[in-house]
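See below for the structure under consideration.
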Number of protein chains: 2
Amino acid sequence: MDLDAYPHPALAVDCVVFGLETDKSHETCLNVLLIERGLEPFAGAWALPGGFVHIDESLDEAARRELAEEAGLHDVFLEQLYTFGAPERDPRGRVVSVAYYALVRLSDHHVRAATDARQARWFPVSQRPDLAFDHRQIVDLAYQRLQAKVRYQPLGFELLPQKFTLSQLQRMYEHILERPLDKRNFRKKILGMDLLVALDEMQQGVAHRAARLYRFDEQRYNRLVQRGFNFEV
Amino acid sequence: MDLDAYPHPALAVDCVVFGLETDKSHETCLNVLLIERGLEPFAGAWALPGGFVHIDESLDEAARRELAEEAGLHDVFLEQLYTFGAPERDPRGRVVSVAYYALVRLSDHHVRAATDARQARWFPVSQRPDLAFDHRQIVDLAYQRLQAKVRYQPLGFELLPQKFTLSQLQRMYEHILERPLDKRNFRKKILGMDLLVALDEMQQGVAHRAARLYRFDEQRYNRLVQRGFNFEV
């Protein structure tokens, strides 16, 4: 069959980028990165970073290119989420969007707006503004996916600084899962998996008693997974 | 931005259809539905049922239409799997494919080949032939997804007859998960969730002592999920 025998939809990628912010008083907040659109349709509205797939790049490459162009983000955790293809989702005509979600270590990355975006800004997931297109639905699905996956895959470490305290780790899980965790059970479970390396370093700049820092041992995790190990928090 | 300012990839859907076959001696086999291609490229090779998305239909609609046209399948469990977009995956040019997986009750459905397919046939997942395009990769991912999901969602019931014995249920899980389950623990767990209705009917046409038939209570499951219940086998 001739590929051009009938009209093709336009193909885009859109990225839900999550970052975890911790303020001075240790309040934790899951943020999502939004872009103020500079062009019609929805000029001036907030939307997910994204754009059209080039004819010679893979879908993953398109998503990474858009994150770099629109927000200056490089080398982040990125995974395909779902493809949105309702016929009326874009007022310009048929646009199918392959959605991705990304996890960003806010301590490592500075976000800047570029190209056709007016500005890039982090919003708390729970206090995001109205979004262009069907982007609200995409963010909702990404958040559900994150909540479902974080318990069974060590995704959460992608959101924390490379060195973290056990309290920071617990607050991250509590915030994403939206429920409190018992401190003793949590520590027993997480330390029992033997995936954390206790560092010879303590937390800096805290008024109370400084806590030990840990890092996630990714190489060890990968070895264990090959032997059938299941991560579970 | 003008949607037609640059070339668009063609957009297709491909479906991995699983069906569970049980022979007279109670051997269970997970099958995948393949289509013998009638047209180039890969004429004569086996491939997944699928085809191009029409400009005015949603992705789900395209997948359901192709299952009806190519295999005579209607009203089956269908879920989006992943979108495959490597630039070189189709020799005709850029074709991006949104893959789905479907679960079919073989007792309810007869499969027939139609339109541009020479024939439709079930193959054991473990003994499938070489496939056209990147369809081997798509089947592998669908099987992984099924193995991962079947423990935490009552998907398995979509593969069994409406009325089944506890032995049939256990064999289905053992076959998909590729490991034996302890009969006593399995029954305790599955009956403990209180999702099965014991019927006033026994298995027919068996030489040994007939076993009781059960059905899955989907309405009850949906009510429990709303209250935070987690299915787990």
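Against the numbered list (1) free of Cβ contacts under 8 Å to residues at least 12 places away in the same chain; (2) part of a helix (DSSP H, G or I), A:A210 comes up short only at (2). The residues of segment B:2-44 that are surrounded by 15 or more Cβ atoms within 10 Å (Cβ to Cβ), away from chain A (no Cβ under 11 Å) and over 30 Å from B:G156 (Cα atoms) amount to a single one, B:F42.
Taking segment B:48-73 as the range and being surrounded by fewer than 18 Cβ atoms within 10 Å (Cβ to Cβ) and of a type in the set (G, A, S) as the test, the residues that pass are B:S58, B:A68, B:G72.
Meeting the requirement of 2 or more residues that are in contact (Cβ under 8 Å) with a residue 60 or more places away in the chain, closer than 26 Å to A:D2 by Cβ and out of contact with any His (no Cβ under 8 Å at 6 or more places or on another chain), the strands (runs of 3 or more DSSP E) wholly within segment B:1-115 are B:10-22, B:28-37, B:95-104.
For segment B:63-106, residues that are within 8 Å of chain A (Cβ to nearest Cβ), aliphatic (A, V, I, L, M) and touching a strand residue (DSSP E or B) at 6+ places or on another chain (Cβ under 6 Å) total 3. Only a single item in (1) within 23 Å of the chain's Cα centre (by Cα); (2) at pLDDT 90 or above is not met by B:K24, and it is number (2). Touching a residue at least 60 places away in the same chain (Cβ under 8 Å) and either in contact with a His (Cβ under 9 Å, 6 or more places away or on another chain) or among the hydrophobic types (A, V, I, L, M, F, W, C) (or both), is that true of B:V197? So B:V197 does not fit the description; no.
The values are calculated or read from the model by the stated rules, or taken from the named source; none is laboratory data. Owing to the predicted nature of the structure, the values given are computational and were not obtained by experimental measurement. Quick reminder, even Gly has a Cβ in these numbers, built from the backbone with ideal geometry, and neighbours come from all protein chains shown.
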